[in-house]
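Take a look at the structure below.
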Amino acid sequence: MRRRSKAGGEPAKSRRPKASATKRRNAPKATHPRSSLATRQETKVAQLARERNEASEQLLAASEIFKVISSSPGDLKPVFDAILKNATRICAASFGTLWLAEGDGLRAVAVYNAPPGFAEVRRGTLARPNPKTAVGRVLASKQPVQVVDVAADAAYAEGDPLRVALVEVAGMRTLLAVPMLKETELVGTINIYRQEVLPFTDRQIALVQNFAAQAVIAIENTRLFNELRQRTDDLSEALEQQTATSEVLRVISSSPGELEPVFNAMLENATRICEANFGVMQFYESGAFRITAMHNVPRAYAELRERDPVFRPGPNSAIGRMVATKQMVHISDYAEDPAYKQRDLLVGEGPDLLAGDADGADQHILFQHRHDCKRPGTTKL
């Protein structure tokens with residue numbers, strides 16, 4: 001029978017003893033969701049900060065390179081130095097070299113932070129890489145090549161001189177070689193090295209490729225700049241020569257029957273346009289020369305020629321050789337000429353010489369003289 005409660009007569013519910021929860025000792029504590037989220041956020045912030053710093057460093061490097069390019073028009077050496085320095089530094093490499101293609105080889109035109117012995121050997125050297133080396137493989141594939149451990153590479157085992165020098169002289173272990181490409185033409189490579197076995201990341205490889213592209217742009221800009229400068233110089237020279245010709249013709253028309261002002265105008269313009277220090281025009285007749293015009297000559301030489309305006313050149317002198325060959329004679333350094341060493345009095349003046357044809361009698365000879373033997377003249381007239 002069911003027992004009824006005293007108060008309301010409702011049947012009383014049977015009471016069962018509560019099961020005591022068994023306590024688990026040493027159970028792992030559950031990770032709080034907020035703690036895990038905070039850790040992920042901190043990791044993400046650190047990654048973003050690192051990427052921001054890398055991007056900032058790359059922008060600063062690019063800015064430095066562009067500054068060097070703009071401040072050195074026509075000069076690639078400082079540009080190559082800046083590119084190689086930044087590629088080596090940003091990619092955490094030990095040292096680097098920049099090579100330009102030359103014929104069937106490569107010439108090192110920039111070396112950064114390399115060990116002294118290696119730098120002396122490589123700078124300015126024309127190398128023909130072994131096809132098994134990283135650079136040789138770059139030449140064949142025109143793709144970046146990385147050698148994680150050069151000491152374990154086949155080229156080193158076979159005793160390739162360049163590879164042996166890299167390992168034993170420079171202490172290099174990891175190598176990255178990146179091609180410099182103008183469309184499909186290989187114009188050079190950028191090589192960076194580590195003195196420990198530590199591969200370069202994909203991001204670092206892409207960064208060096210970007211530096212290689214900047215080097216190619218600098219090369220092309222320099223080529224265009226030099227071409228433009230050459231055309232400008234050619235036009236300036238042509239204009240200067242036309243102006244000089246016009247002046248000479250004006251003198252001829254204004255001095256009918258007079259040769260002295262014409263010769264003076266010719267000599268003055270020839271000396272100026274050819275950037276000579278002074279000039280002499282001489283009349284050739286019966287095997288002898290007579291001074292007909294002088295421009296800006298040293299006083300001692302002018303006095304000598306005024307006292308003795310007619311002379312016969314010795315066969316070893318520049319003028320004597322010109323008469324014999326009927327060809328222009330150009331001497332870069334008269335102090336080294338045999339006639340001067342034989343103490344020929346005529347050549348004691350030490351000129352550079354540009355001479356006209358001396359065929360037969362009644363010819364006029366134009367001489368231009370420079371004091372600086374390091375600047376040989378060019379035939380412009």
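The Cα-based radius of gyration of segment 226-268, divided by its Kirkwood radius, gives an Rg/Rh of 1.22. Protection proxy ranking, highest mean first, for peptides 264-277, 224-237: 264-277, 224-237, where packing is the per-residue count of other beta-carbon atoms within 10 Å, averaged. Residue ranges 285-292, 103-110, 168-175 sort as 168-175, 103-110, 285-292 when ordered by packing (mean number of other C-beta atoms within 10 Å per residue, highest first). Using a probe of 1.4 angstrom and keeping all protein chains present, the accessible surface of segment 220-320 works out to 60 square angstrom per residue. Radius of gyration over Kirkwood radius for segment 190-281, both on Cα atoms: the Rg/Rh ratio is 1.51.
The packing ranking, built from the mean of other Cβ atoms within 10 Å per residue, places the peptides 142-152, 70-80, 127-137 in the order 127-137, 142-152, 70-80, highest first. If you look at the Cα atoms of segment 224-342, you get an Rg and a Dmax of 17.5, 54 Å. Per atom type, segment 243-342 shows carbon and sulfur on 50% of its accessible surface, probed at 1.4 Å. Along its principal axes, segment 65-165 has C-alpha extents of 45, 31, 27 angstrom, given from the largest down.
Per residue, segment 58-196 exposes 44 Å² of solvent-accessible protein surface, assessed with a 1.4 angstrom probe and all protein chains in place. I want to verify the translational diffusion coefficient of segment 268-338 in µm²/s; compute it with Stokes-Einstein, Rh as the Kirkwood radius over Cα pairs, at 37 °C and 0.692 mPa s. The Stokes-Einstein estimate is 245 µm²/s.
The values are calculated or read from the model by the stated rules, or taken from the named source; none is laboratory data. Everything quoted here is computed from the prediction, not taken from an experiment. Don't worry about glycine lacking a Cβ; one is built from the backbone with ideal geometry, like all the others, and counts go over all protein chains shown. SASA here: full protein model, heavy atoms, side chains in, ligands and nucleic acids out. Shrake-Rupley method; radii C 1.70, N 1.55, O 1.52, S 1.80 Å.
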